[in-house]
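Written below as structure tokens is the structure these notes are about.
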Amino acid sequence: MVQVQHRINISRMRLRLQFGHYEDTDQVNPNTGMPVKAFKANKDLTRWAGRWSLTQYDTLKLSGANIKDAVAFFIRHDEAITSDYLMKLGDKLYTIDHIERDIDPTRTQYDTIYCHVYMPRKHG
């Protein structure tokens, strides 16, 4: 992916992203007897973010990795955010496909997070 962090406008960072995992809850599905799963946010991993517009190059590169309907967000550089987490914005969950880390120490660092909507598997 092409680094274009020099064009980031921090006034666009109006979105509040939560990071966490899809885990079992204390509830049990009465039809299956299986634990009900839900998103559980890590209270220490909530970050301000902005929506990032994907270039045609980004879209082609992601589709080559079989990632469809990708969206991107930018956050301040944070090594604690990894692709092991799910991300929540409003009522939508996202799977993190790739994090492009900005490692230029001469300026404010931002990471671009490429993701797609998460579809949990249904238990039969």
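Below, the figures for the structure above:
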| item | result |
| --- | --- |
| Test item: Cα-centred dipole of the chain, Lys/Arg +1 and Asp/Glu -1 on Cβ, debye | 440 debye |
| Residues GLU100, GLU23, GLU79, sorted so that the one with the fewest Cβ neighbours within 10 Å comes first | GLU79, GLU23, GLU100 |
| Relative packing of 86-94, 37-45, 111-119, which averages over residues the other C-beta atoms within 10 Å, highest first | 111-119, 86-94, 37-45 |
| Sorted by Cβ neighbour density within 10 Å, fewest at the top, the residues LEU54, LEU17 | LEU54, LEU17 |
| Ranked list, fewest to most other Cβ atoms within 10 Å of each Cβ, for ARG76, ARG47, ARG101, ARG14 | ARG14, ARG101, ARG76, ARG47 |
| Selection from ILE96, THR108, PHE74, by position along the positive dipole direction of the stretch 48-124 (Cβ) | ILE96 |
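Readers should treat all values here as calculations from the given coordinates under stated rules, not as data from a laboratory. Since the structure is predicted, the reported quantities are computational estimates derived from the model, not experimental observations. Counting neighbours? That spans all protein chains shown, and the Cβs are built from the backbone with ideal geometry, glycine included.
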